[in-house]
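Below is one structure, written out as structure tokens; comments come after it.
Each reported figure results from applying straightforward, stated rules to the coordinates on display, with no laboratory input. Predicted, not measured: the structure shown is a model, and the values here were computed from it. Neighbour counts are summed over all protein chains in view; Cβ atoms, including those assigned to glycine, are modelled from backbone coordinates with ideal geometry.
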Amino acid sequence: MAAALLAWTVILLSISYNPWFVFTKHAFSDLGGPAAEKAWIYNYGLIATGALVLLYSLALMMNAANKVENAGGAFISIAGIFLALIGAYPSGTRPHTFVSIWFFAQTDLAMVAWGIGLLLRGWKVLGAVITAMSITGPALAVAINWPSAATLEAYGIAIIDAWVALMLRVHAAERS
């Protein structure tokens, strides 16, 4: 949850320094690009958020109940690295699009793995919900004609945030 809160804080703070930013016209990455005021807030913020995601992946792998969940934790570790790379390669640099797309792809792979892992563990409802989210989320991302990259990114982030919120149930059960 800390990574989710940090990500949204970084995005909103960056928007506050860039009044030209229009949610339905731009990409969030424009907030870290050459035209942005205080682009370092966005870029270093994503690097810090990526570090938190990487730490979360370690907890996921340590608490995995099976190999599929462990693979999901590994996918999240890769996603954390790609998220940090979005900050390291901001908008306007050659690798930016690749690292941005792969952050979302790796996170979705993690969600699929955790959904299936939870099903294998016997968590039928939560496993089914997470698996369904991980399939329908990207399908809708492709099917809908989004007005901007930022709206699509916000949708993707909201799906990730929903998964993290659902995972709180798993973590609570592990503590009991």
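If you place +1 on the Cβ of every Lys and Arg and -1 on the Cβ of every Asp and Glu, how big does the dipole about the Cα centre of the chain come out, in debye to the nearest 20?
Details: 8 positive and 7 negative charges, 54 e Å.
In total the dipole reaches around 260 debye.
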HN-Hα J in Hz across region 42-54 - Karplus 6.51, -1.76, 1.60, θ = phi - 60°, x for Gly and Pro:
5, 5, 5, x, 5, 5, 5, 5, x, 5, 5, 5, 4
Does anyone have the angle between helix 149-175 and the longest principal axis of the chain? Alpha-carbon axes, 0 to 90°, nearest 10?
30 degrees
Along the charge dipole of region 18-176, pointing to its positive end and built from +1/-1 on Cβ of Lys, Arg, Asp and Glu, which listed residue (A154, P34, Q106) has its Cα farthest out?
Q106
Here region 74-84 yields Karplus 3J(HN,Hα) values (6.51, -1.76, 1.60; θ = phi - 60°; whole Hz; Gly and Pro given as x) of 5, 4, 5, 4, 5, 4, x, 5, 5, 4, 4
Estimated 222 nm signal from helices in the chain, with DSSP H stretches of n ≥ 4 weighted -39500 (n - 2.57), rounded to 500
-27000 deg cm²/dmol
Ranked from highest to lowest mean number of other Cβ atoms within 10 Å per residue, what is the order of the peptides 97-110, 118-131?
97-110, 118-131
Here are several values of semi-axes √(5λ) of the Cα gyration tensor in Å: (i) 59, 20, 12; (ii) 37, 20, 14; (iii) 29, 17, 13. Which one was derived from the coordinates shown?
(iii)
Could you rank the peptides 13-25, 82-94 by their average count of other C-beta atoms within 10 Å per residue, with the highest value first?
82-94, 13-25
